[in-house]
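Structure first, then comments.
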Amino acid sequence: MATDSKAGSTTLPTTIVLAGSTGSLGLLIAHHLRQRGATVRALVRPNSSASAEAESLRLQGAEVVETDYSSVADLTQACHGADCVVSALSGLRPVIVDAQTRLLNAAAAAGVPRFIPSDYSADFTRLPEGSNRNFDLRREFQQRLDQAPIQATSIFNGMFMDLFTGQAPLIQPTIRRIVYWGSADQPLESTTMVDTAAYTAAAALDPTTPRYLRIAGDVTTVRDLQAIASEVMGQPFKLLRVGGLGVLETMIKVTKTLMPAENEVFPPWQGMQYMHNMLSGQVSLPTLDNDRYPDLHWTKVQDVLPKRG
């Protein structure tokens, strides 16, 4: 297989095994892989093979393969002949650690040269243990990945920009406030899910990727968000500082005690942990690899906010 590492375009057919293919991010990755001419082998659990998402994958031209994620033998068979395994799995320990480890072992057994884990997040490599449960799980899997006989590449994209007005509600259009803790001048990296998927597809077809790739569609401070929201929505926004990061830490502890929801992937306190990580600057991306694939275009925060009526 020959590949143009800058553009991520292949000159020969490339087979990518995609796990978590029926999720929101997985579907987008499959779309961009197919746009780049890749053969996509989409792994789906038997109970998902007749779903609308699986049918969407088939319509895109992906090969949908029913797979038992509890069986390394089954996963190994599905991985045979692939050039890269891309994981977009989402869940807690049974998925992020256990299922991904079986997928990793299968990829290695099948002789797949490259593996992209389901990170797609802020750069958690510098975070202390216990500061974010979901990051702790990814760090635990990362230790296994780094010991495996396979070339690994993690993609860090900051936070998903799509969440600015949703699960990470810094921007509050109803009350025209930018709600935050800590400093209003802390840079925040964010990337849309679509742009993250497009970059992942390019990286999957690039055999020269390093261990880590870091991207951000936009880098904005809370003050920047105030100016952007005011301009896009046509009404002045004000800053609302709830308190320092210590206040947010207390809120996380209280919320986790009152609403533990340990079996949920994104309980309220988990989102608050992520927000603390971002606003503290601990997960800031030191450098960006946006220019690695020049054909990609990056969505800015102003592009995802609701426009003035």
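In table form, for the structure just shown:
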{"read-out": "Residues of the range 30-60 satisfying the condition of being surrounded by 14 or more Cβ atoms within 10 Å (Cβ to Cβ), hydrophobic (A, V, I, L, M, F, W, C) and not in a helix (DSSP H, G or I)", "value": "38, 40, 42, 43, 44"}
{"read-out": "Residue 89, sole failed condition from (1) outside any strand (DSSP E or B); (2) farther than 25 Å from residue 210 by Cβ", "value": "(2)"}
{"read-out": "Evaluation of residue 113 against (1) over 25 Å from residue 274 (Cβ atoms); (2) under 18 Å from the mean Cα position of the chain (by Cα) (one fails), failing number", "value": "(2)"}
{"read-out": "Check on residue 308, loosely packed, with under 14 Cβ neighbours inside 10 Å, charged (D, E, K, R) and not in a helix (DSSP H, G or I)", "value": "yes"}
{"read-out": "Residue that is touching a strand residue (DSSP E or B) at 6+ places or on another chain (Cβ under 7 Å) and more than 19 Å from residue 263 (Cα to Cα), where the choices are 65, 72", "value": "65"}
{"read-out": "Some residue of the range 250-273 being under 25 Å from residue 125 (Cα atoms), part of a loop (DSSP other than H, G, I, E, B), open to solvent by 50 Å² or more (accessible area, probe 1.4 Å) and polar (S, T, N, Q)", "value": "yes"}
{"read-out": "Counted residues, the range 92-106 - those being open to solvent by 10 Å² or more (accessible area, probe 1.4 Å) and in a helix (DSSP H, G or I)", "value": "7"}
{"read-out": "Close pairs from the range 280-296: first free of Cβ contacts under 8 Å to residues at least 12 places away in the same chain and open to solvent by 70 Å² or more (accessible area, probe 1.4 Å), partner part of a loop (DSSP other than H, G, I, E, B) and aromatic (Phe, Trp, Tyr), Cβ under 6 Å, at least 6 apart", "value": "none"}
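The values are calculated or read from the model by the stated rules, or taken from the named source; none is laboratory data. Quantities reported herein were computed from a predicted structural model and do not represent experimental measurements. Reconstructed Cβ throughout: ideal geometry from the backbone, glycine too, with neighbour counts over all protein chains shown. For accessibility, only protein heavy atoms count, side chains too; no ligands or nucleic acids. Shrake-Rupley method; radii C 1.70, N 1.55, O 1.52, S 1.80 Å.
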